[in-house]
1. What is the dipole size for the chain, taken about its Cα centre, with +1 at each Lys and Arg Cβ and -1 at each Asp and Glu Cβ, in debye to the nearest 20?
2. Please compute the Cα-Cα pair-distance distribution of the stretch 40-96 with 5 Å bins starting at 0, giving whole percents from short to long.
3. What's the extension gain from Arg83 to Ser53 if we count 0.36 nm per residue and subtract their Cα-Cα distance?
4. FRET efficiency for Ser116 and Gln3, Cβ-Cβ distance as r, R0 = 41 Å, nearest 0.05?
5. Work from the charge dipole of the stretch 35-88 (Cβ charges, +1 for Lys and Arg, -1 for Asp and Glu, about the Cα centre) and give the residue of Ser59, Ala37, Gln78 farthest towards its positive end.
6. For the chain, which longest stretch is free of loop sites, where a loop site is one of the trypsin sites (Lys or Arg not before Pro) that DSSP puts outside H, G, I, E and B and that has at most 15 other Cβ atoms within 10 Å?
7. Between the stretch 91-116 and the stretch 1-68, what's the alpha-carbon centroid distance in Å?
8. How far is it, in nm, from the label point at Glu40 to the one at Ser67 when both lie 7 Å from their Cα along the line to the Cβ?
Amino acid sequence: QVQLEESGGGLVQAGGSLRLSCKYSEESAVGWFRQAAGQEREFVSAINSNGGSTRYSDSVKGRFTISRDNARNTIYLQMNSLRPEDTDVYYCSQMGATLNFRLGSWGHGAQVTIAS
């Protein structure tokens, strides 16, 4: 089972940027998800194992960019033009090769807080 660990969360003003990192134990497709307190965890973005294919939710398309550096075993989520509604705990998870379903367990998550 692929092990993943998130980092890079924090507090920024609305309109600002943050970059999240997800370090993984073996190369695979990886997705980012987020969850607000009391709400369902929702899909944000995903990338395949060689970085050639990506997916985004409509709510972040054009503002967030997912990328990977396989030499560093790390997935990145660059988040720009952040909004208060982006405040959530962000998690990364292994994905299936088609980027349409999730596999494995969750990491501990990274808290992202956007101040208005």
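1. 200 debye
2. All Cα pairs considered, the percentages come to 4, 17, 30, 26, 15, 7, 1.
3. Separation in residues times 0.36 nm, less the Cα-Cα distance, equals 8.2 nm.
4. The pair Ser116/Gln3 has a calculated efficiency of 0.70.
5. Comparing the listed Cα positions along the dipole, Gln78 ranks first.
6. In short, 1-60.
7. Answer, in whole Å: 6.
8. According to this spin-label approximation, the distance is 3.2 nm.
Coordinate-derived values only; no laboratory data. Just so it is clear, the structure is predicted and the values come from calculations on it, not from any experiment. With ideal geometry, Cβ positions are generated from the backbone for all residues, glycine too; neighbour counts draw on all protein chains shown.
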